[in-house]
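The structure appears right after this line, and notes come after that.
The values are calculated or read from the model by the stated rules, or taken from the named source; none is laboratory data. The structure presented is a predicted model; accordingly, all values stated were derived computationally and were not measured. Quick reminder, even Gly has a Cβ in these numbers, built from the backbone with ideal geometry, and neighbours come from all protein chains shown. These accessible areas exclude ligands, DNA and RNA; they are computed on the full protein's heavy atoms, side chains included. Shrake-Rupley method; radii C 1.70, N 1.55, O 1.52, S 1.80 Å.
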Amino acid sequence: VVYEQEGVFIHSSCGKNDDQDSLIAGILRVIEKENEVVVDWRPLDETLDTSNILCAGKDSSSVVEWTQTPKEKCSRGADRPSSYEAEWDMVTTVSFKKKPHSNGDATTHKNGESKWSFLFSLTDLKSIKQNKEGMGWSYLVFCLKDDVKLPALHFHHGDSKLLIKCLEKHVALNESPHDERVLLVKTQKSLSQSFENLFDEPSYGLLQKWKKDPYIVTMGRFSKVTNYIFDSFRSSDPSNQRRPPSEMADFLNDTIPGLKINQQEEPGFEVITRIDLGKQPEVSRREPVSAEEWAKNMDSEGRILDVDYIKRLIFKGGLCHTLRKEAWKFLLGYFPWNSTKEERAILQKRKTDEYFRMKLQWKSVSEEQEKRNSRLRDYRSLIEKDVNRTDRTNKFYEGEDNPGLILLHDILMTYCMYDFDLGYVQGMSDLLSPVLYVMENEVDAFWCFVSYMDQMHQNFEEQMQGMKTQLIQLSTLLRLLDSGFCSYLESQDSGYLYFCFRWLLIRFKREFSFQDILRLWEVMWTELPCQNFHLLLCCAILESEKQQIMDKHYGFNEILKHINELSMKIDVEYILCKAEAISMQMMNCKELPQAVSEILGIENSSVTPDSDPGEDESGAELSCPTSLCQSISTPVIAANGTRDGAQQMSETQSLTPA
């Protein structure tokens, strides 16, 4: 609470000053809550503790408050598989209750005086009207951006100037040229709510939040975009409406320390002359792998006969849904590919016991213990908030008292026990949700999620090393693929590819429909046709949008807005074909730069050694780190889905650019 004032009244019946019932006494507070600042007024007799207020956004689900009830009989106990030991009954007992809350930013209650209570975020504030009444007190009227005017607040026991000073620390207020009583919120510093507060404050404040936790800022707010984004980095002087790209690079480097993209003179960077990759080959995809095909590739003991063959089939067509529950356990590394059915049953029993022992650790923590464990409290708070807004339109998670939500919550809490150093970071619920949906089993979903997090761990670490490396690698690949497009992005202060941050962080989870994500992820988990195939998916999407971005001369704002609005509009099969074609295009190149070869994990005798610094005819240069990933041998996947199993890329001399 950064501001609190008692004696702030609402006059519920204007013109009846002698009628005491028309005056509602209340407390006005300004509260800093994570990534936003809210203004809250409520009557004095309302006993709600404002420290527990959770404000639901206009596109969010209502808030769920979780309570642990160890003695309550679990309603799901009867449905639990027989492999679950009876001794774990207490552990799985969880209930939750719905907190009464509206689905908007300004909350209106409907019982007695509490109907006057309201709460709103400063990012929704449009203007403040202030005035003085004859009897001496001042009053303020808040007007929100959707032109909703809240009830006038009358300061009977204090001056409203202190409130204005407090608000000016978070938003810029300017006197209206048409009415000196009206203070307008300046857009350059308090941007439109349609970006959902990603840049809801001056650039310095944004920088501090990014440094503190870039994931919460990005994942919690990166839903919509306005045309005002870049204004937070510009001064109000019309003559200075563009910042030099070097300053933007400095800003991003301060935000993500160590992020260096296309900085030609940085030590450890290789400058590569642009080469002609030739035309992209035509690529087609096949039908998903059927249960019959899967069964044919398994011996009598349940052992996979030809792992490479089955991976190629999955890469080219994905899996039919009935197979996913079994096949994903292999793809994610929970089941060894060479294991028998009996060995897998023993493994599952052992992993079940291990899981519930970890679950018991957090389930048995008393309220008194948790009061002295701030990290566990923080993890629990963030998980409870995220669980309530993860894939709630999916039938598996929709509605009230949904067991899917309980499982989502419990698995994430147990993961905190498994990896307490990392704990929970916002965005991890997005990675778990499809896995739990497919597994329909708490234990299997947990261990598959653990395997997936082993791949994604660096994305969520505090130093953001995984994100830095991937953004640099993506820049390198995109520049090789289309140096002209890269140069255009740089000219629009977008060369650092920040708009791809969410794609990389949670592997396109919010860019494709739920069913498409199941297909995309299982294809990526085959690790074919090369290392870091997800970066080629990014290249495929960007290359598909290049024409519109360049033809319409999109600037920084428009590029960010356009890329963000691609969400749920991308054809997954088309992008998979295009990304595979790009991989073939690069693999077939006889002069593939060493840095690109390392990113894709290709060992090729035709790869060029580190080139001398130089430029091509257009003056375009390629820059990338010389040591980003270890090189591995990768089988070649042709357009028709066949594989030359006897040869590695270093031996493939007959391939020529298409």
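ARG507: of a type in the set (Lys, Arg), modelled with pLDDT under 95 and open to solvent by 10 Å² or more (accessible area, probe 1.4 Å), yes or no? Against the criterion (of a type in the set (Lys, Arg), modelled with pLDDT under 95 and open to solvent by 10 Å² or more (accessible area, probe 1.4 Å)), ARG507 does not qualify. Any chance you could count how many residues in the stretch 555-576 are open to solvent by 30 Å² or more (accessible area, probe 1.4 Å), in a helix (DSSP H, G or I) and under 21 Å from ARG507 (Cβ atoms)? Of the residues in the stretch 555-576, 2 are open to solvent by 30 Å² or more (accessible area, probe 1.4 Å), in a helix (DSSP H, G or I) and under 21 Å from ARG507 (Cβ atoms). Looking at the stretch 381-429, which of the residues that are over 22 Å from LEU518 (Cα atoms) and in contact with a strand residue (DSSP E or B) (Cβ under 8 Å, 6 or more places away or on another chain) is surrounded by the most Cβ atoms within 10 Å (Cβ to Cβ)? Restricting to residues being over 22 Å from LEU518 (Cα atoms) and in contact with a strand residue (DSSP E or B) (Cβ under 8 Å, 6 or more places away or on another chain), the top hit is GLU384.
Quick check on TRP337: is it open to solvent by 30 Å² or more (accessible area, probe 1.4 Å) and at pLDDT 95 or above?
On the way: open to solvent by 30 Å² or more (accessible area, probe 1.4 Å): yes; at pLDDT 95 or above: yes.
Here the answer is yes, as TRP337 does meet what is asked.
Just to verify a result, which residue in the stretch 510-549, among those that are under 19 Å from the mean Cα position of the chain (by Cα) and aromatic (Phe, Trp, Tyr), is most open to solvent (accessible area, probe 1.4 Å)? Checked the stretch 510-549; the qualifying residue most open to solvent (accessible area, probe 1.4 Å) is PHE514. With respect to the conditions (1) out of contact with any Pro (no Cβ under 9 Å at 6 or more places or on another chain); (2) on the phi < 0 side of the Ramachandran plot; (3) not in a helix (DSSP H, G or I), GLY333 lacks only one, and its number is (2). Filtering the stretch 301-314 to residues that are assigned to a helix (DSSP H, G or I) and either assigned by the TED database to the domain that holds LYS349 or open to solvent by 10 Å² or more (accessible area, probe 1.4 Å) (or both) leaves VAL307, ASP308, TYR309, LYS311, ARG312, LEU313. Looking at LEU163, LEU140, just one residue is open to solvent by less than 60 Å² (accessible area, probe 1.4 Å), at pLDDT 85 or above and outside any strand (DSSP E or B), and that residue is LEU163.
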